[in-house]
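This report refers to the structure that appears directly beneath it.
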Amino acid sequence: MSVAALAALVRERQPCVVLTGAGVSTESGIPDFRSPTGIWAEVDPFEVASLRAFRRDPARVWGFYRQRIDLLRNAEPNAAHEALAELERRGLVAAIVTQNIDTLHSRAGSRGVVEVHGSIRSAQCLGCLWTEGAEAVLGQLEASDVPTCPRCGEVLKPGVVLFGELLPAEAMEKASRLARDARLLLVVGSSLEVWPVAGLPLEARSFAIVNRGPTALDEQAELKIDAAAGETLSALLDLLG
Ligand SMILES: [Zn+2]
């Protein structure tokens, strides 16, 4: 399927909402989770990224996230992030719903971003619900294995959704509303395996997919382009120019 056909869809079916996953950030040097070279091939998510692991051994979970935060903060937005930010400026993308925690959409200049899996921007206190910014958390981690809440002293939890945790209700409601109001939901760089986000395309009136490799919803998609996000979205931007 051609990018020209996708350009026609984006032009005709406004508003267009974009749903992004790890495949949008791999070109920024951020490994995905589920591929053979992904993060979960190296470490067991239930040992380092689950709510249970956090309650049992927060220092181990923070050891993992401290490295992740360092990597993600040093990464730069790529052509895919830049193209989506430009499409928003041109009024062709209404909002982005992302599974990514890396904040690269915002750093590329996108404004309407809904982070349904949280982000590395902050950490939270499960005791008093205080939110602490990333700088302060990293500062604490210089001196200690775990950051603690400045208000009540509890150990802070990374601001990302852990396995065994519910998705933030407000963000998920917003994502759902955006999907329902969209005439086109454009999925980029997600294999649509993680629920409930994987169900969002089915709430939209139509959806298209740009992803390297198969996804769970290829059969139902209006259009599927099996290619990398950066080159595809750059070409899309040119065609919509
Ligand atoms: Zn607290």
- For ILE96, work out the one condition from (1) among the β-branched types (Val, Ile, Thr); (2) part of a loop (DSSP other than H, G, I, E, B); (3) under 11 Å from the mean Cα position of the chain (by Cα) it doesn't fulfil. (2)
- Any idea which of GLU82, GLU88 is at negative phi and either in contact with a helix residue (DSSP H, G or I) (Cβ under 7 Å, 6 or more places away or on another chain) or touching a residue at least 60 places away in the same chain (Cβ under 8 Å) (or both)? GLU82
- Would you confirm whether any residue within the stretch 38-58 is in contact with a strand residue (DSSP E or B) (Cβ under 7 Å, 6 or more places away or on another chain), within 29 Å of CYS149 (Cβ to Cβ) and among the aromatic types (Phe, Trp, Tyr)? yes
- Could you list, in sequence order, the residues of the stretch 16-59 that are more than 19 Å from the chain's Cα centre (by Cα), in contact (Cβ under 8 Å) with a residue 12 or more places away in the chain and loosely packed, with under 15 Cβ neighbours inside 10 Å? VAL43, PHE46, GLU47, ARG52, ALA59
- Residue ID - farthest from GLY241 (Cα to Cα), chosen from residues in the stretch 69-90 that are open to solvent by 20 Å² or more (accessible area, probe 1.4 Å) and touching a strand residue (DSSP E or B) at 6+ places or on another chain (Cβ under 8 Å): ARG73
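Quick grid of which residues meet (1) of a type outside the set (D, E, K, R); (2) within 19 Å of ILE30 (Cβ to Cβ); (3) within 16 Å of the ligand (Cβ to nearest atom):
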position	(1), (2), (3)
GLY112	yes, no, no
ARG121	no, yes, no
GLY127	yes, no, yes
TRP130	yes, no, yes
LEU138	yes, yes, no
VAL155	yes, no, yes
PRO158	yes, yes, yes
LEU167	yes, no, no
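The values are calculated or read from the model by the stated rules, or taken from the named source; none is laboratory data. Just so it is clear, the model here is predicted, and its values are computed rather than measured. Don't worry about glycine lacking a Cβ; one is built from the backbone with ideal geometry, like all the others, and counts go over all protein chains shown. Calculation scope for accessible area: heavy atoms of the full protein, side chains included, ligands and nucleic acids excluded. Shrake-Rupley method; radii C 1.70, N 1.55, O 1.52, S 1.80 Å.
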